[in-house]
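> There's a structure below that I have some questions on.
The values are calculated or read from the model by the stated rules, or taken from the named source; none is laboratory data. Everything quoted here is computed from the prediction, not taken from an experiment. Cβ atoms come from the backbone with ideal geometry, glycine included; neighbour counts cover every protein chain shown. What goes into the accessible areas is simple: the full protein's heavy atoms, side chains included, and nothing from ligands, DNA or RNA. Shrake-Rupley method; radii C 1.70, N 1.55, O 1.52, S 1.80 Å.
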Amino acid sequence: MPFVSLDPTTEQLLQNFTTLHSKDIHTQLSLTHQTQNEWKKTPFAERALLFKRLHDTLLAEREELAVLMTTEMGKPIKEARSEVEKCAQLCVFYAERGAQFLAAETLIKEADVVAEINYFPLGLIFGVMPWNFPLWQVLRFAVPAIMAGNGVVFKHAPNVPRNAIKIIELFVKSGFPENLISHLMIEDDKVKEVIDSPHIHAVTVTGSDRAGRAVAALSGAALKKCILELGGSDPFVVLADADLSWTLNQAMISRFTNGGQACISAKRFIVVKEVYESFKAQLVALTKELTMGNPLDEDVRIGPLARSDLRDQLAKQVASALEHGAVALTGANIPNRTGWYYEPTVLENVTTHSPVWKQELFGPVAILMQADNEEQALELANDTPYGLGSSVWSKDTERARHLADQIEAGATFVNSLVRSDPRVPFGGTKQSGFGRELSAHGIREFTNIKTLWIKSL
């Protein structure tokens with residue numbers, strides 16, 4: 001069955017691709033494993049040099065890569081350029097810090113005993129990747145994994161096959177060995193074959209909780225480590241003393257960047273009653289001002305959703321919310337135009353009994369809820385099956401931190417929107433997954449943390 005690349009803005013076919021058969025899959029896995037067996041012997045300095053070259057390649061091809069992302073999944077062109085730049089920064093970060101993160105650590109040093117831990121590569125890592133950040137999501141796991149001496153194979157989302165092919169080209173052009181990183185254009189029913197292969201040593205998936213459950217079950221059955229970075233319904237908690245101008249500016253970026261198609265987008269705006277009406281009026285006004293159109297245009301803030309089924313699913317979720325008593329303060333419509341667009345929307349009166357309260361809204365839709373006090377705001381923030389990101393907004397940072405410590409999430413940002421940054425670990429809790437990416441924690445996830453105990457005689 002072919003993979004089909006479609007432009008979500010024009011709904012036009014870009015290209016068809018043929019998926020791999022089992023024989024081709026195992027041939028590619030064998031080649032990548034063989035390449036990794038040699039790669040793991042290379043010194044860190046050599047690996048770092050190649051990642052600095054990849055940094056240069058990314059920046060040299062920034063415009064081509066940005067247009068490729070925008071035409072294949074619909075993100076605004078300015079945001080696409082920023083994604084390329086972020087990937088380049090990631091390469092330099094691990095080039096400069098990778099050896100330090102994986103240096104041996106002495107735990108015991110006595111007269112006749114020395115004990116240390118060392119970080120050795122696991123082998124071949126299989127990644128199941130999403131479409132929403134087609135370059136960043138792959139490099140976020142691949143760069144530290146390869147810097148640690150592993151090889152990488154990945155299955156990209158079926159609607160971004162041209163991005164997947166381009167990623168391989170970038171690595172080869174930068175001087176990495178061919179087949180050290182490979183893309184498998186496979187259907188979902190072939191994922192089990194890959195995970196079960198003796199060439200694969202660990203698995204990572206970024207995607208929905210449904211995808212995470214399926215991959216985790218397969219990985220567990222094969223006794224292979226897996227990292228899950230899944231969905232989120234991030235609370236954005238606004239306290240009475242918040243700087244509303246700054247808070248609203250960040251709220252708009254957090255909710256509507258990438259058309260709202262981000263796991264760490266602020267999705268539930270929980271505002272204490274003292275500032276609720278002011279926050280609401282300004283949020284709705286700013287949402288109405290968002291420019292929707294062709295994402296290749298420089299001034300467009302909202303492009304189409306990535307696929308027609310994603311747009312239709314979002315519309316059904318909003319309709320369900322309205323049926324359960326929610327009120328649309330703006331938006332809540334599919335515009336009459338070509339492309340898979342959905343109007344930027346703000347929903348009020350979504351109760352905790354409404355189905356969407358427990359779901360992830362993956363698109364330009366914000367839920368706005370009033371809290372009587374900070375205690376209720378915390379209760380609402382934690383009333384979700386997800387636990388990826390969260391934020392608290394207050395001029396009193398100590399007060400905000402006290403609240404932040406009680407939020408059940410992989411990260412809480414105070415007076416800043418949630419973002420991934422190579423310097424800090426990224427990941428969630430509850431149904432948002434487990435394990436961490438980025439920072440020292442991320443690069444060590446796909447290593448054998450080996451104890452060495454030496455007794456002198």
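> Which members of segment 443-457 meet the condition of being touching a strand residue (DSSP E or B) at 6+ places or on another chain (Cβ under 7 Å) and open to solvent by less than 20 Å² (accessible area, probe 1.4 Å)?
Result: F446, T447.
> Here is a follow-up. Which one is farthest from V356 (Cα to Cα) among residues in segment 265-281 that are aliphatic (A, V, I, L, M) and within 30 Å of the chain's Cα centre (by Cα)?
If we take residues in segment 265-281 being aliphatic (A, V, I, L, M) and within 30 Å of the chain's Cα centre (by Cα), then V272 is farthest from V356 (Cα to Cα).
> For segment 331-355, name all the residues that are acidic (D, E) and open to solvent by less than 30 Å² (accessible area, probe 1.4 Å).
Residue satisfying the conditions is E348 alone.
> Filtering segment 42-59 down to residues that are touching a residue at least 24 places away in the same chain (Cβ under 8 Å) and open to solvent by 70 Å² or more (accessible area, probe 1.4 Å), which residue is farthest from M185 (Cα to Cα)?
Checking each candidate, the answer is A45.
> Additional query: When you scan segment 239-256, do you find a residue that is charged (D, E, K, R), closer than 22 Å to S391 by Cα and surrounded by fewer than 24 Cβ atoms within 10 Å (Cβ to Cβ), even just one?
yes
Rundown of residues vs (1) in contact (Cβ under 8 Å) with a residue 12 or more places away in the chain; (2) out of contact with any strand residue (DSSP E or B) (no Cβ under 6 Å at 6 or more places or on another chain), yes/no style:
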{"position": "E64", "(1), (2)": "no, yes"}
{"position": "K75", "(1), (2)": "yes, yes"}
{"position": "K78", "(1), (2)": "yes, yes"}
{"position": "E110", "(1), (2)": "no, yes"}
{"position": "V114", "(1), (2)": "yes, no"}
{"position": "M129", "(1), (2)": "yes, no"}
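> Conditions: (1) of a type in the set (A, V, I, L, M, F, W, C); (2) in contact with a Leu (Cβ under 6 Å, 6 or more places away or on another chain); (3) surrounded by fewer than 24 Cβ atoms within 10 Å (Cβ to Cβ); (4) not in a helix (DSSP H, G or I). F269 meets all but one. Number of the miss?
It fails just one condition, (3).
> Still on this structure: Suppose we filter segment 291-330 for residues that are open to solvent by less than 50 Å² (accessible area, probe 1.4 Å), without any contact (Cβ under 8 Å) to a residue 60 or more places away in the chain, under 23 Å from N132 (Cβ atoms) and assigned to a loop (DSSP other than H, G, I, E, B); how many remain?
Residues that pass the stated criteria total 1.
> Let me ask something additional. Name the single residue that is farthest from Q100 (Cα to Cα) among those in segment 27-64 being assigned to a loop (DSSP other than H, G, I, E, B) and charged (D, E, K, R).
Looking at the filtered set, the residue picked out is E61.
> I've got another one for you. Against the condition on the phi < 0 side of the Ramachandran plot, of a type in the set (D, E) and without any contact (Cβ under 8 Å) to a residue 60 or more places away in the chain, how does E437 come out, does it pass?
No, not satisfied.
> Here is a check on your reading of the model: is E96 in a helix (DSSP H, G or I) and not aliphatic (A, V, I, L, M)?
The answer is yes for E96.
> What number goes with the only condition from (1) more than 25 Å from the chain's Cα centre (by Cα); (2) not in a loop (DSSP other than H, G, I, E, B) that A111 does not pass?
The one condition A111 does not meet is (2).
> I would also like to ask the following. If we keep just the residues of segment 134-174 that are touching a Gly at 6+ places or on another chain (Cβ under 6 Å) and in a helix (DSSP H, G or I), which is farthest from P121 (Cα to Cα)?
Step by step, filter segment 134-174, then rank; the result is F141.
> Filtering segment 389-416 down to residues that are open to solvent by less than 20 Å² (accessible area, probe 1.4 Å) and out of contact with any strand residue (DSSP E or B) (no Cβ under 6 Å at 6 or more places or on another chain), which residue is farthest from C91 (Cα to Cα)?
S394
> When segment 66-82 is examined, which residues are found to be crowded, with 21+ Cβ neighbours inside 10 Å, under 18 Å from the mean Cα position of the chain (by Cα) and either assigned to a helix (DSSP H, G or I) or modelled with pLDDT under 95 (or both)?
Of everything in segment 66-82, those that are crowded, with 21+ Cβ neighbours inside 10 Å, under 18 Å from the mean Cα position of the chain (by Cα) and either assigned to a helix (DSSP H, G or I) or modelled with pLDDT under 95 (or both) turn out to be A66, M69, T70, E72, M73, A80.
> If V92 passes every condition in (1) in contact with a Phe, Trp or Tyr (Cβ under 8 Å, 6 or more places away or on another chain); (2) open to solvent by less than 10 Å² (accessible area, probe 1.4 Å) but one, which one does it miss?
So V92 meets the others, but not (2).
> Grab the strands (runs of 3 or more DSSP E) fully contained in segment 198-250, keeping just those with 3 or more residues being in contact with a Cys (Cβ under 8 Å, 6 or more places away or on another chain).
So the answer is 202-206.
> Go through segment 1-11 and give me each residue that's surrounded by 12 or more Cβ atoms within 10 Å (Cβ to Cβ) and in contact with a strand residue (DSSP E or B) (Cβ under 9 Å, 6 or more places away or on another chain).
Of everything in segment 1-11, those that are surrounded by 12 or more Cβ atoms within 10 Å (Cβ to Cβ) and in contact with a strand residue (DSSP E or B) (Cβ under 9 Å, 6 or more places away or on another chain) turn out to be P2, F3, V4, S5, L6, D7.
> Please go through segment 6-40 and give me each residue that is free of Cβ contacts under 8 Å to residues at least 40 places away in the same chain and under 30 Å from L122 (Cα atoms), ordered by number.
H21, K23, D24, T27, N37
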